[in-house]
Amino acid sequence: MTTRSTDATRFPRLPAGFTWGASTAAYQIEGAADEDGKGASVWDTFVRRPGAVRDGHTGDIACDHHHRFAEDVALMRRLGLDAYRFSISWPRVLPTGAGKVEPRGLDFYDRLVDALLDAGIEPTPTLFHWDLPQALEDEGGWLSRGTAHRFAEYAAVVAERLGDRVKRWITLNEPFVHMSFGYAFGVHAPGRALMLDALPVAHHQLLGHGLATAALRAAVPDARILIANNCTPVRLRPDARQDEDVAAASAYDALHNGIFNDPLFTGSYPDLTAYGMADRSWGGVVRDGDLATISAPLDGLGVNYYNPTWVTAPADPAAGLPFDLAEPTEPYERTAFDWPVVPDGLTELLTGLKDRYGEALPPVWITENGCSQPAGLHDRARIDYLAEHISAVADAVSLGVDVRGYFTWSLLDNFEWAEGYHQRFGLVEVDFATQRRTPRASFAWYRDLIASQRS
Ligand code: FCB
């Protein structure tokens, strides 16, 4: 299906000032799981649950980035990155989630930020990439409204220490995926299978985002603040039945995209009652004033894109959800994770966001996009994937969407959640036995693309 050139010098040109980046997350790369006073996170707990992670893998050591960050920053410098998106481990900074700060935790991020700045790379931390302090989970986790307040307190602690040098902040990573995989289906930490009773997790994360945004603005007046949402265009199969399947697609779109974007840009939630998914206040969790907090202006929307979602009407409407997830009928290429490769879904997604929110949509940064491929250094399929998706971003820009940057997932092979080390997303191969890092062909390709886009 690859028809467009991957030749970096003949590539569509993204606007001047476009940010070229790469992304990672704390639990997936840092290791040092209980060093320097770090508290346990829900992932430290979940990986010990028998059967939770393929082959019992854990992030205890991961890429050992906590000890090897200087080597990793040197790799980023070789790539020529403008910016690096990493996440801060909440329990490294506040071992029990609140109260006593662990200075050694902050020291680590302080050193990382300085190393990045020395390399000319803009630090772009995400404050929450799924590793909630276990102590807060024990008090209800994101099902509890208090966690939103604890999140804002934690944001203030980090901003006070790093805010003199860190100006671009991301509050949450993929609150949809954390709600659904972590609390609705139980396949990620904290491993709860509450189905639609997980909905308060959406609201409390968004409330936390809004409260943390205010805390960041108070501590860092020139902060630029984003949230990274996992967005998916929802597609019907060619044989879709107009009424039932279209209604199912709308319901899924509301749950996956609408809940997490509408309140930011319209100040209201999609009407889930229309799909029988909740009452209007979600059982009282949405309180007066919350939506004003959540809809405070942002400097950007982070979009994480992997693939569209195909949906049909539910085979068994009594089963609880007003849709079934389906496989596409088209013969798409697949990544090693078996995810369909659909670059034009990214253009569709970006133009769809602009259509939906108009002037209320802030500039967009692609905060994650990439693919799992088999181990090995000659990753032609990853180069094709990146080239096609970055072209899809250029298409969206030419259609009028204000996209300011692209962060690929990921810099390094890392701990891929329930898949452990079986999925490899890195531009850099990591040998987990020796921690040796070896750049792949895609690393050189991305380096050349960045260089040619600058020239
Ligand atoms: C996203 C996550 C990221 C990584 C990629 C493959 O959903 O944000 O941590 O696992 O998927």
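Candidates in the range 248-283 are the residues that are closer than 24 Å to PRO308 by Cα and of a type in the set (Asp, Glu); of these, the one that is most open to solvent (accessible area, probe 1.4 Å) is ASP271. If only residues of the range 108-161 that are over 25 Å from THR19 (Cβ atoms) and β-branched (Val, Ile, Thr) are counted, the one that is nearest to the ligand (Cβ to nearest atom) is THR147. Of the helices (runs of 4 or more DSSP H) entirely within the range 81-178, those holding at least 2 residues that are touching a Pro at 6+ places or on another chain (Cβ under 8 Å) and either farther than 30 Å from LEU196 by Cα or polar (S, T, N, Q) (or both) occupy 103-118, 145-162.
Of all residues in the range 97-118, those that are in contact (Cβ under 8 Å) with a residue 12 or more places away in the chain have Cβ atoms under 9 Å from Cβ atoms of residues that are among the polar types (S, T, N, Q), 6 or more apart or on another chain, in GLY97/GLN134; GLY97/THR147; GLY105/SER89; PHE108/SER89; TYR109/SER89.
A search for C-beta distances below 7 Å between a residue of the range 81-92 that is closer than 13 Å to ILE29 by Cβ and any residue that is surrounded by fewer than 24 Cβ atoms within 10 Å (Cβ to Cβ) and among the hydroxyl-bearing types (Ser, Thr, Tyr), counting only pairs 6+ apart in sequence or on different chains, returns ILE88/TYR109. Scanning the range 79-130 for residues that are of a type in the set (A, V, I, L, M), farther than 19 Å from TRP169 by Cβ and surrounded by fewer than 21 Cβ atoms within 10 Å (Cβ to Cβ) gives ALA98, ALA119.
Here's the yes/no breakdown for (1) within 16 Å of the ligand (Cβ to nearest atom); (2) at negative phi:
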position: PRO221; (1), (2): no, yes
position: ALA228; (1), (2): yes, yes
position: ALA254; (1), (2): no, yes
position: LEU272; (1), (2): no, yes
position: GLY276; (1), (2): no, no
position: TRP282; (1), (2): no, no
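Of GLY358, GLY405, GLY352, GLY400, which residue is among the small types (Gly, Ala, Ser), farther than 24 Å from TRP445 by Cβ, more than 16 Å from the ligand (Cβ to nearest atom) and surrounded by 17 or more Cβ atoms within 10 Å (Cβ to Cβ)? Answer to the check: GLY352. Put simply, of ALA16, ALA25, ALA74, ALA70 the only residue that is surrounded by 19 or more Cβ atoms within 10 Å (Cβ to Cβ) and either aliphatic (A, V, I, L, M) or within 16 Å of the ligand (Cβ to nearest atom) (or both) is ALA25.
For (1) farther than 23 Å from ASN304 by Cβ; (2) in contact (Cβ under 8 Å) with a residue 12 or more places away in the chain, each residue gets a yes or a no:
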| position | (1), (2) |
| --- | --- |
| HIS178 | no, yes |
| VAL220 | yes, yes |
| ARG224 | no, yes |
| VAL246 | yes, no |
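Can you pull out every residue in the range 308-329 that is open to solvent by less than 50 Å² (accessible area, probe 1.4 Å), touching a Pro at 6+ places or on another chain (Cβ under 8 Å) and either assigned to a strand (DSSP E or B) or at positive phi (or both)? Correct list: THR309, TRP310. For the range 284-306, the set of residues classified as on the phi < 0 side of the Ramachandran plot, open to solvent by 20 Å² or more (accessible area, probe 1.4 Å) and away from the ligand (no atom under 16 Å from the Cβ) consists of VAL285, VAL286, ARG287, ASP288, LEU291, ALA292, THR293, SER295, ALA296, PRO297, LEU298, ASP299, listed by residue number.
If only residues of the range 413-455 that are open to solvent by 50 Å² or more (accessible area, probe 1.4 Å) and outside any loop (DSSP other than H, G, I, E, B) are counted, the one that is nearest to the ligand (Cβ to nearest atom) is HIS422. Here PRO133 clears all of (1) touching a Gly at 6+ places or on another chain (Cβ under 6 Å); (2) of a type outside the set (Phe, Trp, Tyr); (3) surrounded by fewer than 23 Cβ atoms within 10 Å (Cβ to Cβ) except the condition numbered (3). Are any residues in the range 371-387 open to solvent by 40 Å² or more (accessible area, probe 1.4 Å) and either within 16 Å of the ligand (Cβ to nearest atom) or in a loop (DSSP other than H, G, I, E, B) (or both), and if so, which ones? Once the filter is applied, which keeps residues that are open to solvent by 40 Å² or more (accessible area, probe 1.4 Å) and either within 16 Å of the ligand (Cβ to nearest atom) or in a loop (DSSP other than H, G, I, E, B) (or both), the range 371-387 yields PRO374, ALA375, LEU377, HIS378, ALA381. Selection of the range 428-447 for residues being closer than 12 Å to TRP20 by Cα and either among the charged types (D, E, K, R) or free of Cβ contacts under 8 Å to residues at least 24 places away in the same chain (or both) yields only ARG447. Taking the range 136-157 as the range and being in contact with a helix residue (DSSP H, G or I) (Cβ under 6 Å, 6 or more places away or on another chain), open to solvent by less than 30 Å² (accessible area, probe 1.4 Å) and closer than 28 Å to PRO221 by Cβ as the test, the residues that pass are THR147, ALA148, PHE151, ALA152, TYR154, ALA155. Cβ separations smaller than 7 Å between residues 6+ apart or across chains give the following pairs from the range 278-305 residues that are in a helix (DSSP H, G or I) to residues that are within 16 Å of the ligand (Cβ to nearest atom): ILE294/HIS209.
The values are calculated or read from the model by the stated rules, or taken from the named source; none is laboratory data. For clarity, every value in this text was computed on a predicted model and none was experimentally measured. Cβ atoms come from the backbone with ideal geometry, glycine included; neighbour counts cover every protein chain shown. Surface accessibility is based on the protein's heavy atoms, side chains included, excluding ligands, DNA and RNA. Shrake-Rupley method; radii C 1.70, N 1.55, O 1.52, S 1.80 Å.
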